[in-house]
Amino acid sequence: MKMMERGPMKKATLAMFIVGLFPFVNLAGAQEESETVDQVTLSLTTHHPGNIPRSFPARLIKEEIEKATDGNVTIDINYAEALARGREALTSVQYGIADIGDVNPAYYPGQLPLHAGIMVYTQAPPTHAQKREVMERAYEAYSVLPEEFEQYNQRVLFQYQPQPLALSSTDPVSNINDFKGLKIRASSEVYLRMLESLGATPISVPFTDSYMALQTGTIDAVYTNIDALSGQNMFEPAPYTFTSPELSLFLPFTFTINQDVWDSFSGETQENITAAMEVAHERYAEAYDDEYQRQIDLFKENGEELVFASDEDVETWQSLPIIEELKADLAETAEAEGVADGGKFVSDIERFMVEAVQ
């Protein structure tokens, strides 16, 4: 009897073991499947505050990547240098302090000499799509350009261009000749030499300290992209604005992503993120092309006076004698970085700009 009882018990025990085994088998299969889905939160550092137009690209990157990956890849944006200062973005991505960084090439003439050097072009195409076309053609023609970032263990994720230039000054400026004698905040070697050629005294001040520098008289003015000026409310200590949509420099602000982080993604996730950046470019282009007028309205409303540069002022800015010298320096830099013909590099970039608007 006992022997007969033990048979069913053994069968029942075996059945319970097999049934109990299935959840573990399924769990293992589910775990193996989930490993192909990249679930991660990436840190993004930008020196811009979160409530200004200049931080719009960071928000675009977050929104479109999270949407394209069904929320599996999320972005934690660290605004206003909360994670790394503006001049530390490149190294913070290089060493994994941040996964994504908002890199201003003007801050890195030593590490990114070609990207910093192409600021010398003062007749940039007006639309975002045209400016993007220039950079895409330049990257295709000269691999040394993307390699400038790659050598620091990162790759280009998204590029955007700032709005036209404006001068915020503590006293009225009626034309570009009034720059002479002013102490103007400068952010790069190219800026410094161009302002010096106008008779100004360029002062190196961190952009985030410029507001106080205007208040204390350390500087008389800040000459930079109008959307950057509004982001720091420069119209408060410097209520006089001088600008034109044709006053520009070509500066490819660049969001980069750490190469190790990128390589850790599956091919599907990489494709989704790449597609997301295409959507981000489309959305940014729509906003960019109308932003200058919004900035003008903002400065008119909050400042004392806004003066538009004359055609003569624009011609003076676009044809400063120092520009040819700066382009010659860029040609030398290009050859030092491995470009066979630096002069052709300089002329090709200029040609790409002309053809982009044709």
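The values are calculated or read from the model by the stated rules, or taken from the named source; none is laboratory data. In this text the structure is predicted, and so the values were computed from the model without any measurement. Note that we place each Cβ from the backbone using ideal geometry, even for glycine, and neighbour counts take in every protein chain shown. For the accessible areas, the whole protein counts, side chains as well, though only heavy atoms, and no ligand, DNA or RNA atoms are used. Shrake-Rupley method; radii C 1.70, N 1.55, O 1.52, S 1.80 Å.
Against the globular-protein guess of 2.2 N^0.38 Å, express the Cα radius of gyration of segment 267-358 as a ratio, rounded to two decimals.
Relative to the 2.2 N^0.38 Å estimate, segment 267-358 comes out at 1.61.
Residues of the chain: accessible area per residue at 1.4 Å, in Å²?
Per-residue accessible area for the chain comes out at 47 Å².
How much solvent-accessible surface does Thr170 expose, in Å² to the nearest 10, with a 1.4 Å probe and all protein chains in place?
Surface accessible to solvent at Thr170 totals approximately 40 Å².
With all distinct Cα pairs included, what does the Kirkwood hydrodynamic radius of segment 114-181 come out to in Å, to one decimal, could you say?
Working: mean 1/r = 0.0675 Å⁻¹.
With all distinct Cα pairs of segment 114-181 included, I get 14.8 Å.
When all C-alpha to C-alpha distances in segment 30-122 are sorted into bins of 5 Å, what percent of pairs does each bin hold, rounded to whole numbers?
Over segment 30-122, the share of Cα pairs per 5 Å bin runs 3, 14, 19, 18, 18, 13, 7, 5, 2, 1, 0, 0 percent.
Which residues' amide hydrogens lie under 5 Å from the amide hydrogen of Thr224, considering only partners 5 or more residues apart or on another chain, with H built in the peptide plane?
HN-HN under 5 Å from Thr224: Ala166, Ser168.
Roughly speaking, to the nearest percent, how much of the chain's 1.4 Å accessible area is carbon and sulfur?
Percent of accessible area from carbon and sulfur atoms in the chain: 51.
Could you state the angle between the C-alpha long axis of helix 267-302 and the longest principal axis of the C-alpha atoms of the chain, as a value from 0 to 90 degrees rounded to the nearest 10?
30
If DNA, RNA and ligands are ignored and the probe is 1.4 Å, what is the ranking of Arg155, Arg185 by accessible area, most exposed first?
Arg155, Arg185
Can you tell me the relative contact order of segment 67-200? Whole percent, Cα pairs under 8 Å, sequence separation 6 or more.
Relative contact order, segment 67-200: 19 percent.
For a quick check: with amide H placed at 1.01 Å from N, whose amide H comes under 5 Å from Leu42's, ignoring anything fewer than 5 positions away on the same chain?
Thr74, Ile75, Asp76
Explain nothing, just the number: relative contact order of the chain, from Cα pairs under 8 Å at least 6 residues apart, as a whole percent.
Across the chain, relative contact order equals 23 percent.
Give me the net charge of Val120's neighbourhood, meaning all other residues with Cβ under 9 Å from the Cβ of Val120; Lys, Arg count +1, Asp, Glu -1.
0
What accessible area, in Å² to the nearest ten, does a 1.4 Å probe give for Glu350?
Roll a 1.4 Å probe over it and Glu350 shows about 80 Å².
So if we plug the beta-carbon distance of Asn302 and Glu282 into 1/(1 + (r/R0)^6) with R0 = 35 Å, what FRET efficiency do we get, rounded to 0.05? Walk me through the numbers before you get to the answer.
Details: r = 31 Å, r/R0 = 0.88.
Efficiency at R0 = 35 Å is approximately 0.70.
With runs of 4+ DSSP H residues as the only contributors, calculate the mean residue ellipticity of the chain at 222 nm using -39,500 (n - 2.57) per run, divided by the residue total and rounded to the nearest 500.
Calculated at 222 nm, the ellipticity per residue is -16000 deg cm²/dmol.
What is the total of Lys pairs in the chain with C-alpha atoms under 22 Å apart, excluding same-chain pairs fewer than 8 positions apart?
Taking the chain as the scope, the lysine pair count is 5.
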